[in-house]
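Comments concern the structure below.
Every number here is computed from the coordinates shown, using simple stated rules; none is lab data. Just so it is clear, the structure is predicted and the values come from calculations on it, not from any experiment.
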Amino acid sequence: MKDTFEIIWSKRAYKNLAKIIDYLEQNWTEKEIFNFSSELDRCIEIIRKSPETFPKSSKKPSLRKVVVTKHNTLYYKVEGKLIKLIVIFDTRQDPKKLENSIINTSVNEPTIEYGVKKDNSKS
């Protein structure tokens with residue numbers, strides 16, 4: 001059996017995801033939310049099993065990228081047996097925002113484990 005990798009979310013990627021879901025809830029149906037969520041989960045499972053499946057980013061070669069939907073691309077970093085989801089970028093935005101997001105996301109930024117809901121009651 002092939003090893004799988006642990007997935008963690010950067011705070012930035014988690015915030016990007018929340019914004020995407022919020023947008024879908026306001027402008028689209030449950031079906032679109034389900035489709036997006038299913039496709040994101042499918043991509044993450046491929047990354048978990050075989051992180052080098054997707055190409056390196058031309059913007060920052062230490063990152064890899066996967067097109068989740070025609071409007072959303074996920075950037076991630078492989079660190080040993082750990083996969084850090086860095087940013088989910090809306091491709092309709094100015095590409096300079098992507099460069100800023102990638103450059104300004106530190107590898108030491110706080111993270112959230114995949115599949116674990118953030119508890120906002122502790123602060």
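With only the Cα atoms considered, segment 6-105 has a convex hull volume of 92 Å³ per residue. How many percent of the alpha carbon pairs in segment 1-45 exceed a separation of 13 Å? Considering segment 1-45, 64 percent of its Cα-Cα pairs are separated by more than 13 Å.
Averaging Cα coordinates gives a centre for segment 35-58 and one for segment 63-88; these two points are 7 Å apart. Taking amide H as placed 1.01 Å from N in the peptide plane, the amide H of Thr91 sits under 5 Å from that of Asn72, Thr73, each at least 5 places away or on another chain.
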